[in-house]
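Below is one structure, written out as structure tokens; the observations come after it.
The values are calculated or read from the model by the stated rules, or taken from the named source; none is laboratory data. Because the structure is a prediction, the values reported are computed rather than measured. No Cβ is skipped: glycine too gets one built from the backbone with ideal geometry, and neighbour counts run over all protein chains shown. Just the protein is used for accessible areas: all its heavy atoms, side chains included, with ligands, DNA and RNA removed. Shrake-Rupley method; radii C 1.70, N 1.55, O 1.52, S 1.80 Å.
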Amino acid sequence: MKPQDIGFFVIFTILLVIRRPIGFVWAGLASLVLAIPLFVTWTFFTAERLTWYAAAFFLSFILISLLWPRKVQ
């Protein structure tokens, strides 16, 4: 298991405990921003992993938004 995998699972678990869907969006965007310089320097393995993490964060945002609807006040 690589260090970025451990970091992903830690951040993902923290976001699941907090249950704020917008956190998943920000984490996904941060993963994509971090992947851009890695693609430029041809570090494809880590950059590809970060794009998969971004997809997982975005998918989690969609699922949480659908399964745990907010109360309208």
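Conditions (1) within 20 Å of L67 (Cβ to Cβ); (2) not polar (S, T, N, Q), marked per residue:
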position: K2; (1), (2): no, yes
position: L16; (1), (2): yes, yes
position: P21; (1), (2): yes, yes
position: S31; (1), (2): no, no
position: F39; (1), (2): no, yes
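Quick check on my filter: what residues within the stretch 39-67 are assigned to a helix (DSSP H, G or I) and of a type in the set (F, W, Y)? Scanning the stretch 39-67 gives F39, F44, F45, W52, Y53, F57, F58, F61. Just one residue in the set I36, I22 is assigned to a helix (DSSP H, G or I) and open to solvent by 100 Å² or more (accessible area, probe 1.4 Å); that residue is I36.
Can you work out which of the residues in the stretch 41-59 that are modelled with pLDDT under 90 and of a type in the set (F, W, Y) is farthest from P69 (Cα to Cα)? Across the stretch 41-59, the extreme among qualifying residues is W42.
Which one of these is among the polar types (S, T, N, Q) and either more than 9 Å from the chain's Cα centre (by Cα) or open to solvent by 90 Å² or more (accessible area, probe 1.4 Å) (or both): T51, T41?
T41
In the stretch 31-73, the residue that is farthest from L15 (Cα to Cα) out of those that are touching a residue at least 40 places away in the same chain (Cβ under 8 Å) and not polar (S, T, N, Q) is R49. Taking the conditions (1) surrounded by fewer than 17 Cβ atoms within 10 Å (Cβ to Cβ); (2) farther than 19 Å from M1 by Cβ in turn, S60 satisfies each one other than (1).
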